[in-house]
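Student: One structure follows; several queries about it will come next.
Only the coordinates and a few stated rules stand behind these numbers; no lab work does. What you see is a predicted model; the values in this text were computed from it and never measured. Because the Cβ atoms are built from the backbone with ideal geometry, glycine has one as well, and the counts that use them run over all protein chains shown.
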Amino acid sequence: MRVILLVIAGLIGLAGAGFAGIYLRSEAMLRDVPERVAFDVSLPKGADAIAQGRHVARTRGCFGCHGQDLQGKDFGEQWDWPDRAVAPNLAAYAREHDAATIEAAVRQGIGQDGKALMSMPSYNFARLSDADMAALIAFLQSAPIIENPLPRARLGWGPRLALITGEEPHMAELAGLVPQLSVDAAAEPQRAAGEYLAMTMCNECHGFDVRGQSYWPPPTPDLMLVAAYSREDFATLIRTGTSGGRELGLMSLVAPDRFPDLSENEIDALYAYLSSLIDEPVAEDVFWRPAGGAE
Ligand code: HEC
Ligand code: HEC
């Protein structure tokens, strides 16, 4: 009897040590982030700048995840991956933290506590221009604060283990893996504008280079397929999320929230860039397109 109790106590102790190990290792990894790149761009003032910042927030999906009044959102059961993801109240956050702290979260994937973010898709914003970033911050600082009590976020054992094994890198690491913009803006202004939009809107889901991804579910197609659409069908697709009258999956959920705000010029630029990709080679050795397809 005594022996059995001792064995049980020993097992509990071992399990405890295992969990403590996972916790400590994952916390250390969350703190292992590149040094924050300083952001000291002065913020624009005036109604035009605020409108530009609102446009950036709308087309990049800040409202969809942080609430239509930026009041914050508890993903609760709906999105169980990190255990409990809670997107903070952005209007309040923008008053409590300086511009550099906001920028580090948005473009560098580093939170106000110095730890890497896990759910906020900072890699989608890594290539936002300084001008758009500054306008976005000016807009957030001007948005009225809607009080909204939120629970504490929680990072579960599953995500902590996935972080340790390298299966699920944190956002500060992912943001660094997004390719640099490559189209020469002086020579090809429209394609460059389209590349900028695609690489700060579509790469959240269509692979870091918008050439498709199969690492995370659901897999998404290479956006060179836009070459198969007419300009008008493309506009309909991204404004409504339907293709030839057909409802899609995730695309039909995000497109109507984000992309109706795109101007005709922006759609022209996106269309010009994405349909030109059909003539460009696709990188093969990138993690977001593992050789064996979806995990
Ligand atoms: C797919 C959903 C999603 C989108 C899109 C999104 N966020 Fe977040 N954001 C989150 C979540 C969830 C968190 C909480 C931290 C975490 O779990 O990574 C967060 C955290 C933040 C934080 C605080 C980071 C910290 O802890 O200090 C800021 C600032 C922020 N987001 C700004 C933005 C802005 C600005 C946009 C639009 C450009 C945006 N977010 C788009 C989900 C999202
Ligand atoms: C939040 C994730 C997400 C974002 C952001 C996103 N897409 Fe998609 N998209 C998808 C998914 C997932 C599919 C596959 C169909 C489905 O499940 O909805 C898809 C499918 C498509 C298709 C193929 C439609 C068809 O006829 O089958 C096109 C074209 C497309 N997206 C273009 C874009 C463009 C352009 C952008 C950026 C302006 C974009 N997407 C941003 C998730 C996204």
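Student: Applying the Karplus parametrisation 6.51 cos²θ - 1.76 cosθ + 1.60 with θ = phi - 60° to the phi angles of the range 71-82, what ³J(HN,Hα) value in whole Hz is obtained for each residue in order, glycine and proline being reported as x?
Tutor: Residue by residue, the range 71-82 yields 7, x, 8, 8, 6, x, 6, 4, 9, 8, 4, x Hz.
Student: If one takes the longest principal axis of the Cα atoms in the chain, at what angle in degrees, from 0 to 90 and to the nearest 10, does the Cα axis of helix 2-31 lie?
Tutor: 30 degrees
Student: Enumerate the amide H contacts of Glu168 below 5 Å, restricted to partners 5 or more residues apart or on another chain; note that Pro and chain-start residues carry no placed amide H.
Tutor: Under 5 Å from the amide H of Glu168 lie the amide H atoms of Leu163, each far enough along the sequence or on another chain.
Student: Taking the Cα centre of the chain as origin, sum charge times position over the Cβ atoms of Lys and Arg (+1) and Asp and Glu (-1), and report the length of that vector in debye to the nearest 20. Display every interim value, and only then the final one.
Tutor: Values: 24 positive and 39 negative charges, 209 e Å.
So the magnitude is around 1000 debye.
Student: Could you tally the net charge around Ala272, taking each other residue with its Cβ under 10 Å from the Cβ of Ala272, Lys/Arg +1 and Asp/Glu -1?
Tutor: Working: positive: Arg191, Arg231; negative: Glu188, Glu195, Asp268.
Net charge in that neighbourhood comes out at -1.
Student: When a/c is below 1.5 the answer is rounded, else prolate if a/b is larger than b/c, else oblate, so apply that to the range 189-279 with a ≥ b ≥ c taken from the square roots of the Cα gyration tensor eigenvalues.
Tutor: On the way: a/c = 1.44, a/b = 1.09, b/c = 1.32.
Rounded is the answer for the range 189-279, as its axis ratio a/c remains below 1.5.
Student: Return the calculated 222 nm mean residue ellipticity for the chain, to the nearest 500 deg cm²/dmol, obtained by summing -39500 (n - 2.57) across DSSP H runs with n ≥ 4 and dividing by the residue count. Present the calculation step by step, with values, prior to reporting the outcome.
Tutor: On the way: 12 runs with 137 residues, N = 295.
The per-residue figure over the chain is -14000 deg cm²/dmol.
Student: For the range 110-120, take each phi angle, set θ = phi - 60°, evaluate the Karplus expression 6.51 cos²θ - 1.76 cosθ + 1.60, and give the result in whole Hz per residue in order, putting x for glycine and proline.
Tutor: Working through the residues one at a time gives 10, x, 5, 8, x, 9, 5, 7, 10, 10, 5 Hz.
Student: Something else now. Charges only on Cβ, +1 for Lys and Arg, -1 for Asp and Glu: so what's the dipole of the range 47-175 about the Cα centre, in debye to the nearest 20? Let's see the in-between values first.
Tutor: Numbers: 12 positive and 16 negative charges, 12 e Å.
Its charge dipole is roughly 60 debye.
Student: Distance between Cα centroids, the range 218-295 to the range 124-142: provide it in whole Å.
Tutor: Between the Cα centre of the range 218-295 and that of the range 124-142, the gap is 23 Å.
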